[in-house]
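Chemist: The structure's right below; bear with me while I get my questions together.
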Amino acid sequence: MSIAKRLASQTAVYGLSSIVGRVLTFLLVRVYTGRFAAAEYGIVTGLYAYVSFLNVLFTYGMETTYFRFANRPGTDRQELYDRVMTLLVLTSVLLSGVVALLARPLMSLLSLPAGHEQYAVWIAIILGLDAVAAIPFARLRLENKARKFAGIRLASILLNIGLNLFFIVLCPDVLAGKYLTSLRPLVESVYNPTLGVGYVFLANLAASAFTLLLLGRELLDFRFRLNLEPLRPLLQYAYPIMLMGVAGMVNEMLDRVILPRWLPENFYPGQSNLAAVGIYGACYKISVLMSLVIQAFKYAAEPFFFAQSNEKNSPYTFALVLKWFTLCCTMLFVGVSVNVDIVAQIFLRRPEYLQGLAVVPVLLLAYLFLGVYWNLSVWFKLTDKTYYGTYIGFAGAVVTVVLNFLLIPLLGYMGSALATLACYFLMAALCWWLGERHFPVPYPIARLLVWLALAVGVVALSWWLPVAAGWPRYAFHALLTLGFVGLIALVEGRRLRAL
């Protein structure tokens, strides 16, 4: 239990910065949906979908590779750090240049309005800066410097939010004469009204550059080492992880790329396909609350799993970690899904965005299974069989493509949400089935499936049982949420105390 408590403690530190930072970032969705029409927000959604794909290519699995090789006996961690950083610096410069040169065709591929090619150039620089920062962040995690990691992440997020508020809210309002009219000369000197949503990307670019400044000590500790021979085992371990990441991004982001192309015209009366992407993207942001927990857990758990791999009782530790991770995510799934109307009031300003709320519970459950898959995937990372992750990821990608093709014309963006859920469920099931044969862990699968089924039943009851709008509805939903959480605390809390 002391091991589990240590993991929980580090997850809490990572989670504090991730959750607080992301919650603040999510508040920007309220700003975006209030200041931009759905079609304009569709530009942001579409471009950031491509960013997620390209992030995988820019880092090509080197974070996990760094953790794996750093925990091997006899490894010179400083030399390993130098070699991995050398690779990422060189490839980041190369790939950023390629993306910048392909700015015009990239915008055409997205079916975005002409004249905004500078957005793609800014994104190319962001990708390069973030890739260079990846290994210094990984080093902080490896050295258990969770507080420094969290502090830098949070500072970068706060700068991003501040710049968004300045350029998207303050500057237009000052120019319109709503308040602080004395600042008008300053605003006119730094603000270009024609950029519009472009300030979303500029703020991100400034935050990424600021992050590198805060990582100065880790960057100054880097020494350029280009020796191809020792790099071969690193790349052999990393490339299946990169392919797995590409497949994962297909599963996570493809829907927002293909939705405007596969959605029939006038499927949603009075709305363009780009507006539908904006609505789906805004509602998707709410479901990403689940990914915050997964991301915070991943920051702490990835180095933890590798460090525990040689311990005698590691399978039992992994089983305990999966159980409590799943139970926590299940409570979050119920809490957000049952009270989604309240959550929507916080994040979504314009009524046009509310019509997509039905996808939120489906996507929350999908992310839950993604988190379960990530826990289960420890077996092929510890046994150096990362190619299994590639197979599983591409199986999920096939499901994603096929179901989006079949369901989008019939169900619109709900079809994309259901395809995402089917994909992540399949990946979790395949990973567990293969893991049982290669690296058996006593996971309490049956018990967790019972809790998940009960959670889905509670959410369905909250959506389909007619209750008067207003306070009676809010009170009923609150009772359902508290009842479910209380039941888990009653049943599983007793077992935890026994441990």
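Chemist: Please report the accessible area of Arg30 (heavy atoms, 1.4 Å probe, ligands and nucleic acids excluded) in Å², nearest 10.
Modeler: 90 Å²
Chemist: Something else about it: Arrange the peptides 253-266, 362-375 so that the one whose residues have, on average, the most other Cβ atoms within 10 Å appears first.
Modeler: On the way: 253-266: 18.5, 362-375: 24.0.
By packing density, highest mean first, the sequence is 362-375, 253-266.
Chemist: Subtracting the Cα-Cα distance from 0.36 nm times the residue separation, let me have the gained length for Leu454 to Ala206 in nm, one decimal. Don't skip to the end; give the middle numbers.
Modeler: Details: separation 248, 0.36 × 248 = 89.28 nm, distance 4.50 nm.
Fully extending the segment from Leu454 to Ala206 adds 84.8 nm.
Chemist: Restricting to lysines 8 or more places apart or on different chains, can you count the pairs in the chain with Cα atoms under 27 Å from each other?
Modeler: 24
Chemist: Taking 0.36 nm per residue of sequence separation and subtracting the Cα-Cα distance, how much length would be gained by fully extending the chain between Leu101 and Phe405, in nm to one decimal?
Modeler: Details: separation 304, 0.36 × 304 = 109.44 nm, distance 3.10 nm.
Result for the pair: 106.3 nm of gain on full extension.
Chemist: Hey, what did the chain get for relative contact order, percent, Cα under 8 Å, at least 6 apart?
Modeler: Values: 607 pairs, mean separation 113.2, N = 499.
Across the chain, relative contact order equals 23 percent.
Chemist: Determine the per residue accessible area of the chain with all protein chains present and a 1.4 angstrom probe, expressed in square angstrom.
Modeler: Details: 21480 Å² over 499 residues.
Averaged over the residues of the chain, the accessible area is 43 Å².
Chemist: Whole-Hz ³J(HN,Hα) for each residue in the stretch 438-447, computed from phi via Karplus 6.51 cos²θ - 1.76 cosθ + 1.60 with θ = phi - 60°, x for glycine and proline: what do you get?
Modeler: Result, ordered by residue: 10, 8, x, 10, x, 5, x, 4, 4, 5 Hz.
Chemist: Here is a further query. Highest mean first, how do 325-337, 45-57, 166-178, 193-205 rank when packing is the count of other Cβ atoms within 10 Å averaged over residues? Walk me through the numbers before you get to the answer.
Modeler: Details: 325-337: 21.8, 45-57: 19.6, 166-178: 15.5, 193-205: 17.8.
The peptides rank, most packed first, as 325-337, 45-57, 193-205, 166-178.
Chemist: Within 10 Å, count the other beta carbons around each residue, average over each peptide in 419-425, 132-138, and list them highest first. Show your work: numbers first, answer last.
Modeler: Numbers: 419-425: 25.0, 132-138: 23.0.
Those peptides, ordered most packed to least, come out 419-425, 132-138.
Chemist: Over the chain, with every protein chain in place, what whole percent of the accessible area is carbon and sulfur at 1.4 Å, could you tell me?
Modeler: Numbers: 14510 of 21480 Å².
Heavy-atom surface of the chain belonging to carbon and sulfur, 1.4 Å probe: 68 percent.
Chemist: Right, something else. At 0.36 nm per residue, minus the direct Cα-Cα distance, what do Ala319 and Arg184 gain on full extension? Give it in nm, one decimal, please. Working shown, then result.
Modeler: Details: separation 135, 0.36 × 135 = 48.60 nm, distance 5.96 nm.
Full-extension gain reported as 42.6 nm.
Chemist: What is the dipole size for the chain, taken about its Cα centre, with +1 at each Lys and Arg Cβ and -1 at each Asp and Glu Cβ, in debye to the nearest 20?
Modeler: The calculated dipole for the chain is roughly 1120 debye.
Chemist: Would you calculate the separation in nanometres between label points at Arg437 and Arg147, each defined as 7 Å from the Cα along the Cα-to-beta-carbon direction?
Modeler: Result for the modelled spin labels: 4.8 nm.
Chemist: For Val450, what accessible surface area do you get with a 1.4 Å probe? Give it in Å², rounded to 10.
Modeler: Val450 has an accessible surface of roughly 100 Å² with all protein chains in place.
Chemist: Still on this structure, please answer the following. Please work out the FRET efficiency for the pair Phe476 and Leu213, using the Cβ-Cβ distance as r and a Förster radius of 51 Å; give the result to the nearest 0.05. If you can, show how the numbers build up before the last one.
Modeler: Values: r = 50 Å, r/R0 = 0.98.
The value I calculate is 0.55.
Chemist: Heavy atoms only, probe 1.4 angstrom, no DNA, RNA or ligands counted: give me Arg147, Arg350, Arg77 ranked by accessible area, highest first.
Modeler: Details: Arg147 195, Arg350 75, Arg77 100 Å².
Greatest to least solvent exposure: Arg147, Arg77, Arg350.
The values are calculated or read from the model by the stated rules, or taken from the named source; none is laboratory data. Remember, predicted model here, so these are calculated numbers, not experimental data. Virtual Cβ from ideal backbone geometry, glycine too; neighbours counted across all protein chains shown. These accessible areas exclude ligands, DNA and RNA; they are computed on the full protein's heavy atoms, side chains included. Shrake-Rupley method; radii C 1.70, N 1.55, O 1.52, S 1.80 Å.
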